[in-house]
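Remarks on the structure that follows.
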Amino acid sequence: MTIRVLPPEVADKIAAGEVVERPASVVKELIENSIDAGASEIRIEVRQGGRRLVRVADNGCGIPAAEVELAFARHSTSKLTSVDDLTHIVTLGFRGEALASIAAVSHLTMLTRTAAESTGSYLRLEGGTLVRREGRGCPVGTIVTVENLFYNVPARLKFLRSEATERRHIDQLVTRYAMAYPQLRFSVTHNGRLTFQSTGSGHLYDVLIKVYGLEVAEQMLPIAGAADEGGSEAPLPAKTGEGPQVSGYVSSPALHRASREHLTFFVNGRWVQDRMLAYAVEQAYHTLLPVGRHPLAVLRLKLDPAEVDVNVHPTKSEVKFMHSDRVFAAVQKAVRRTLLEQAPIPEMGARPTQWTAADWERRQALSAAGRERPPVQLALEAQRPGEFPPLSPAPATTDKLPPLRVLGQVARTYIIAEGPSGLYLIDQHAAHERILYEQFMAQQERITTQTLLEPMTLELTPAQTAAVEEQLPLLNRLGFAIEPFGGNTYLVRAVPAVLVGTDLRQALAGIVDELAEGRMPPLAQEREKRVIASVCKQAAVKAGQVLSDEELRELVRQLEATAMPRTCPHGRPTMIHLSQAQLEREFGRR
Ligand code: ADP
Ligand code: MG
């Protein structure tokens, strides 16, 4: 559809309102435009909490050169033409006022190109006035850069909160969209640092891990009966008048929070705030949660667009349902059924099987009897029985690990350990990667290197050469000393100290492979992290390597000390947790 100015009678019907309240509102409107434009990748760049700069880049359809100026006129939209269209809105935007409103209070630059055109359009507006327009080469898609927000509205500027607060609003917003659209890849950088990235895998669960962490995600239950176990979106209802289709995840009763802010709802892909929906979810948990505690939920409702009015609030974050009773019933039923089918029965009055001092002594005596030397004190110190936190109601949901007691190694790959809330299986390689990665990052400017007695030559393929050439300054900053030796040959004179003790040739080959194969992130800092992760991967103990008891314990102890023990630097889990409740269920003890 082409962009045109809405006839005044349509424009007037549209709830007017200020759309730009703070930097997060800018991000919201731009993201919605990107989604409406069919983008699969949306990159958000923020500087100084958005006050200095907000940039949203997408690979969507772009705007034709002939229409791009019109996009900034008030009430110009390509998504709506008549009043009738207002009754079944399927796009996120429809008022045609976001770009105009944002441009009016900032310095805005747009670079956009459609697939049908060979050059893109570049536009610069200051306070809503077009100051520059020219043709420019750019990829298909749209990049909107909003700088110096509210520079001409000092009153509004005064109301902006601290950078951290504005950042939090932006992060919250982006993570919501990432959950609503798991098939899209979102990334956010703040002052050049990547802080969030979704995979675009299409699975809501993958986004939950990124947003809430693995520990919480593991305790979320997919809505029963939803297509693909809550992984994919529910389809639109087949016939009008049918209740909404509900998909998504809700927390198991063992997981709860002090506030309702973790109840997230999307109606036809739009994030909404709605008390009725929150109440429906809480009703479903009736008697399952301790008083004053609230569940977590990420629920996606799909219903006939004709049955929901999205045009009731300027920021479009509130909706009106034509049949709210039906919506209420559908949500409550879906959640209740999920809980009944899948939730572990909450531990009511069951005495937690906590280690007592007597248990502990007996265990010590038993194991000492079977061995020459007594068990190493190291493990004992970390976890005297009294220090175990109580078992119920739920495992700690912070990212820190509880003290773990190592029991042994399975399949030369996994460490088996006991914690206060059940059993942990730890991937020795992933865990070690995490440890080395954090140690490496902590070295900051002073990376310890090891000079090789004899320089090693590396023969590379052309693709590898290109990759190494490009990252040479970075590699050398990270503790390598690598220099070109003509053609595709390089000379390695030193390596980061973490690599000492590994098969160097193999390690270097692995690192070079990763450099050449993966697409390197555009940001220097992200590239650096990636290379560090790659070095740590080579340096880490491998699966299949037999480790002594002492080494196992040391590894777990070091993992406990990391800031993010649950994932390796590549984002894969380092461990699987089998809770006490799960074990009891599996054994039919309940
Ligand atoms: P609305 O989204 O309500 O239509 P906006 O002011 O946000 O109004 O955008 C105006 C028009 O500009 C949109 O209807 C769309 O045609 C075009 N547009 C804005 N952003 C993009 C984008 N990222 N990609 C493609 N087209 C866009
Ligand atoms: Mg819009």
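At-a-glance table
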{"item": "Hz values of 3J(HN,Hα) by residue in region 263-270 - Karplus curve (6.51, -1.76, 1.60), Gly and Pro given as x", "result": "9, 10, 10, 10, 10, 6, x, 10"}
{"item": "Mean shadow area of region 104-183, taken as a quarter of the surface of its Cα convex hull (nm²)", "result": "7.1"}
{"item": "Percent breakdown of C-alpha pair distances by 5 Å bin, ordered from the shortest bin, for region 134-229", "result": "2, 10, 15, 18, 16, 12, 11, 8, 4, 2, 0"}
{"item": "Long-range amide H partners of LEU296 with built H, under 5 Å", "result": "SER251"}
{"item": "THR195/LEU578 FRET efficiency (R0 35 Å; Cβ-Cβ; nearest 0.05)", "result": "0.65"}
{"item": "Gain upon complete extension [ARG4, ARG412; 0.36 nm per residue less C-alpha separation]", "result": "140.3 nm"}
{"item": "Residue-wise HN-Hα coupling along region 484-498, computed from phi with Karplus coefficients 6.51, -1.76, 1.60 (Hz; x: Gly, Pro)", "result": "x, 10, x, x, 9, 9, 10, 10, 9, 9, 8, 9, x, 4, 4"}
{"item": "In Å², nearest 10: area of GLU318 left accessible to a 1.4 Å probe", "result": "80"}
{"item": "Loop trypsin sites (Lys or Arg not before Pro), region 465-556, which have at most 13 other Cβ atoms in a 10 Å radius of their Cβ (DSSP)", "result": "ARG519, LYS542"}
{"item": "Debye log10 I(q)/I(0) for region 242-301, one point scatterer per Cα, at q = 0.23, 0.24 Å⁻¹", "result": "-0.93, -1.00"}
{"item": "Distant-in-sequence amide H partners of LEU407 (H built 1.01 Å from N, under 5 Å)", "result": "ILE416, ALA417, GLU418"}
{"item": "Per DSSP, loop GluC sites (Glu not before Pro) in region 547-590 with at most 10 further Cβ within 10 Å", "result": "none"}
{"item": "Label point distance in nm, LEU491-ALA258, each placed 7 Å from Cα along Cα→Cβ", "result": "6.2"}
{"item": "Amide hydrogen neighbours beyond the local backbone of ALA494, cut-off 5 Å, H modeled", "result": "LEU452, ALA481"}
{"item": "Among the listed pairs LYS158/LYS210; LYS333/LYS400; LYS210/LYS302, those beyond 28 Å (Cα-Cα)", "result": "LYS158/LYS210; LYS333/LYS400"}
{"item": "Under the Karplus curve 6.51 cos²θ - 1.76 cosθ + 1.60, θ = phi - 60°, whole-Hz ³J(HN,Hα) for region 422-432, x wherever Gly or Pro sits", "result": "x, 10, 10, 10, 10, 6, 4, 5, 4, 5, 5"}
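The values are calculated or read from the model by the stated rules, or taken from the named source; none is laboratory data. On a predicted model such as this, the values are computed, not experimentally measured, just so you know. Glycine gets a Cβ as well: all are built from the backbone with ideal geometry, and neighbour counts include every protein chain shown. When the accessible area is computed, the model is the full protein with side chains, heavy atoms only, and any ligands, DNA or RNA have been set aside. Shrake-Rupley method; radii C 1.70, N 1.55, O 1.52, S 1.80 Å.
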